[in-house]
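Trainee: Before anything else, here's the structure in question.
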């Protein structure tokens, strides 16, 4: 049985959906059903806040004694969102953490969504106990990244935006899962793009482990065996729940 002090709520805000659950932080597992609502069209701050209120109401965890962590698709520094991915541009240079705390009437822990997924895998998943440098990437609409060195998160790495020389597009425009869907690529053709991406990141950082997250990680057997890298590369354990679990973990432990 999980003690009251080892529980927290995680909210994962994305461009298309806002998900939340109560999390057991002794085992890194969901204690409740996952609640999901659509991200409001345009994703303006006040509308996103209203959607987060709805998720908390459905979870029946409005009690401020339960720690709350929020993951968001932006660079987050000192509580400010400095970018906006698939949400309103009003989030750029916006005091988002204070906005949510004022709107929810409680303290929260607020962080970048890929960083939060990295924390979930670090504490309860594929990167647990791993020394040296682990790079987690989330393959979805874009490519998110988290740098984890000897168990410490180095935030806001944004490795999906490394440039492709002479092509005028960044890595995520070329190699994200959305590119596979948009261009109807086979697993083999997409894997060639991933080979370029992970090979380039491997050259730049010499990591000890790659962890691949995002919804497509459930199909890891279709593409990871096609990659030829010096660095071990494994699928994330928590997949689409990583944002919820990692946000909850940061809320309780920082």
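Trainee: Under 1.5 on a/c is rounded, so check that first for segment 1-136, then, if it is not, pick prolate when a/b is larger than b/c and oblate when it is not; a ≥ b ≥ c are the square roots of the alpha carbon gyration tensor eigenvalues.
Mentor: Values: a/c = 1.79, a/b = 1.19, b/c = 1.50.
It is oblate, given that a/c is not under 1.5 and a/b is not larger than b/c.
Trainee: Something else: Hey, how many Å between the Cα centroid of segment 140-205 and the Cα centroid of segment 117-134?
Mentor: So the two Cα centres are separated by 19 Å.
Trainee: Looking only at segment 129-236, where both bridge partners belong to it, what percent of the DSSP beta bridges are antiparallel (to the nearest 5)?
Mentor: On the way: 11 of 19 bridges.
Roughly 60 percent of the DSSP beta bridges within segment 129-236 come out antiparallel.
Trainee: In the chain, what % of DSSP beta bridges are antiparallel (nearest 5)? Kindly include the intermediate steps, with their values, before the conclusion.
Mentor: Numbers: 27 of 43 bridges.
In the chain, approximately 65 percent of DSSP beta bridges are antiparallel ones.
Trainee: What do you get for the angle between helix 113-124 and the principal long axis of the chain? Use alpha-carbon atoms, 0 to 90 degrees, nearest ten.
Mentor: 90
Trainee: What number, in percent, do you get for the relative contact order of the chain if the mean sequence gap of Cα pairs under 8 Å and at least 6 apart is divided by its residue count?
Mentor: In percent, rounded to a whole number, it is 23.
Trainee: Another one. Angle check, please: helix 45-59 long axis (alpha carbons) against the longest principal axis of the chain (alpha carbons), in degrees 0 to 90, nearest 10.
Mentor: Once rounded, the angle reads 70 degrees.
Trainee: Follow-up. Given (i) 24; (ii) 8; (iii) 14 as candidate values of percent of Cα pairs over 34 Å apart, which corresponds to the one derived from the coordinates?
Mentor: (iii)
Trainee: Considering just Cα atoms, how many Å³ per residue does the convex hull of segment 144-215 enclose?
Mentor: Values: hull volume 7.5 nm³, N = 72.
Given the Cα convex hull of segment 144-215, per-residue volume reads 104 Å³.
Trainee: A further question follows. Sort 125-137, 37-49 by the packing proxy (mean of other Cβ within 10 Å over each peptide's residues), most packed first. Don't jump to the answer; show the numbers that get you there.
Mentor: Values: 125-137: 20.1, 37-49: 15.1.
Output ranking for 125-137, 37-49: 125-137, 37-49.
Trainee: If you average the alpha carbon positions of segment 225-242 and of segment 35-100, how far apart do those two centres end up, in angstrom?
Mentor: Measuring centre to centre over Cα atoms gives 28 Å.
Trainee: Any idea what the relative contact order of segment 129-236 is, in percent, if you count C-alpha pairs under 8 Å spaced at least 6 apart? Don't jump to the answer; show the numbers that get you there.
Mentor: Working: 176 pairs, mean separation 30.9, N = 108.
Relative contact order comes out at 29 percent.
Trainee: Now for a separate question. What's the ranking of 111-124, 173-186 by average number of surrounding C-beta atoms within 10 Å, highest first?
Mentor: Ranked by mean Cβ neighbours within 10 Å, highest first: 111-124, 173-186.
Trainee: Relative to the longest principal Cα axis of the chain, at what angle does helix 187-205 sit, 0 to 90 degrees, rounded to 10?
Mentor: Between the helix axis and the principal axis of the chain, the angle is about 80 degrees.
Read the figures in this text as sums done on the coordinates, not as results from a lab. It should be emphasised that the depicted structure is a prediction, and the values quoted were computed from it without experimental measurement. Glycine gets a Cβ as well: all are built from the backbone with ideal geometry, and neighbour counts include every protein chain shown.
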